[in-house]
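Everything below concerns the one structure shown next.
Just so it is clear, none of the values below were taken in a lab; they were calculated from the coordinates. Bear in mind the structure is a predicted one, so any value in this text is a computation, not a measurement.
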Amino acid sequence: MRSVLKLGLVVLSLLTPFVGPAARAAATDDYADTVLLSPEQGEALAAFAAQSEKRVRHKPDCSHLVHLLYARAGLIYPYEDSRVLYRGVSNFQRVKTPQPGDLAVWLGHVGIVLSPEEKTFLSSVRSGIITESWMAPHWVRRGRPRFYRYRVGPDADMNLLAKIMNDDNLPQPASRRNARSGDNSELPSSAIADSDAASSQQERTDSPVQDAKTTDESSPKSASIVATIIQRQMPSRQQVAAAIIENSQARAHQLIAGETLDLTHPFSVFSRLEVEKIKVKHERGSVTLEITETMSQEDGHILPARTMERELSIDRRSNGIWVISDPSGRTFLSEGLALEILERQVELSLRRAPNSNNTRVLVKALDRLYDQQSDTPQRAAMR
C-alpha cells in the first residue's frame, strides 16, 4: 500500500510541470469571453461609492455595503461575506493592479478601491463609512489586500451604470484627500473588524494572522500566536476555541496559496479541539486544550492519531488584546483542509528541493493522511 502511494507521489511530482499549465489553461478558457468592468466604468462606480454616506441610511457591515453599492450601480452578484470574496467567486476576477471600483479584500474585511494612485478605498468599519489608505499602518500590518474586478455578466444592468457614468454631479474619487493614512487613534480592530461577524457575535475574535504580527511585542521569539481576542473581560472557553479555529483556517489558506510550512516547529492536524480550562492571574495565565489529532509532526517525526492535552499561554496586552500563544511555535491545522495543504506543500518542496529532509517529512505526512482516507490516493494518482 505505502509503496503504491509513494509511486503515485513520484508520478504526481513528475506530471506537475505538465498538468499544472494545462489545468490553468483550461480554467482560463472558461472565462475566455469574459468582459471585465472598464476603467471608465470603474471610475464611475468609485465616484458613486464615494458618496455612499449620503445614499445609505443605516450603516451596514463592510460586505453588505459593497454588495449594496454594486447592486445600486446595476452590478449584480450573489451576496458573499468578505472571507468568501477573499478566496474568490465567479462574479469577480482577481487582478494584480487595481483600478477604481475594484474590490480590495482581506480575510475579514472588504472595501471598494477609490484611487489606486493614492491607494485609497472606501469601506464600513465600526466608526462609520470612511475612506482610508491601505498603506495606513493598521492595514499594512494586515498584509496586502487581494484585488478583484467585476465580470460583466447577463445579470448586470448596464443601463443603471450608464446613468451613473453620465451623472456630472459625482466627484472624481482621485480628488478625495481625506484618507487616514497616518491615523492611529483607534485600535487596528476598528479598521479591520468585519461587521459580518460582529453582527452575529458582539464579542468576536479579530483576524488572527494580522494580530500575530502586530501584538507580539513581549512574547519570546519561539512563541507562536495562535489566536487573538479583542475585549476587556477574560474570554470564555468557547471564544478561545473559536479564535484558535479561525486562526487555523486563515493559516491554512496562506499555506494553500503558496507560503511555506515551517518544519522547524511542530504542527498538529486536528479533528476536534476544545478548551478544558483557562487560568489567569494578573492578566497572564494558561489555556489547556483537549485536542484530537489526526497526526502531528515533532522534530521531523510523524506521530499517529491521538487525543491529548496541550497547554498554551494567554496574556492581555496593554492595547486590550488577549493573545493566546504556543511556546513551542506549533501550527494547528484543521483536518478538513490538511490534505490540500500537504499536497500543496509537497508539490512546492518537490520543485524546490526534492532530496531535502523537509520533502521527506512532508511526503511522510501526506502518506499518513492518505492512509487515513482510503479513497484519496486513487483520486490523487489520477490528477
(message) Translational diffusion coefficient of segment 293-349 at 20 °C, 1.002 mPa s, Stokes-Einstein with Kirkwood Rh over Cα pairs, in µm²/s as a whole number.
(response) 155
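How large is the translational diffusion coefficient of segment 103-151 in µm² per second when you combine the Kirkwood radius over alpha carbon pairs with Stokes-Einstein at 10 °C and 1.306 mPa s? Write out the running numbers ahead of the final one.
On the way: Rh = 11.0 Å.
So the translational diffusion coefficient is about 145 µm²/s.
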(message) Output wanted: per-residue J couplings in Hz (rounded whole) for segment 38-45, from phi through Karplus 6.51 cos²θ - 1.76 cosθ + 1.60, θ = phi - 60°, x for Gly and Pro.
(response) 6, x, 5, 5, x, 5, 5, 5
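For segment 265-383, count the residues as N, evaluate 2.2 N^0.38 Å, and divide the Cα radius of gyration by that value, please. Mind showing how you got there, number by number?
Numbers: Rg = 17.0 Å, N = 119, 2.2 N^0.38 = 13.5 Å.
It is 1.26.
Just the number: Rg to Rh for segment 44-166, Cα atoms, Kirkwood Rh, two decimals. Could you put the intermediate results ahead of the total?
Numbers: Rg = 13.3 Å, Rh = 14.3 Å.
With Rg and the Kirkwood Rh in hand, the quotient comes to 0.93.
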(request) List, in order, the whole-Hz ³J(HN,Hα) value for each residue of segment 138-148 obtained from phi through the Karplus relation with A = 6.51, B = -1.76, C = 1.60 and θ = phi - 60°; use x for Gly and Pro. (result) 6, 8, 4, 5, 7, x, 5, x, 8, 10, 10
(request) Starting from the Cα-Cα distance between residue 59 and residue 303, subtract it from 0.36 nm times their residue separation and give me the gain in nm to one decimal. (result) 82.8 nm
(message) Can you compute 3J(HN,Hα) from phi for each residue in segment 233-247, using the Karplus curve 6.51 cos²θ - 1.76 cosθ + 1.60 with θ = phi - 60°, rounded to whole Hz and x for Gly and Pro?
(response) 6, 4, x, 7, 4, 5, 5, 5, 4, 5, 5, 5, 5, 4, 4
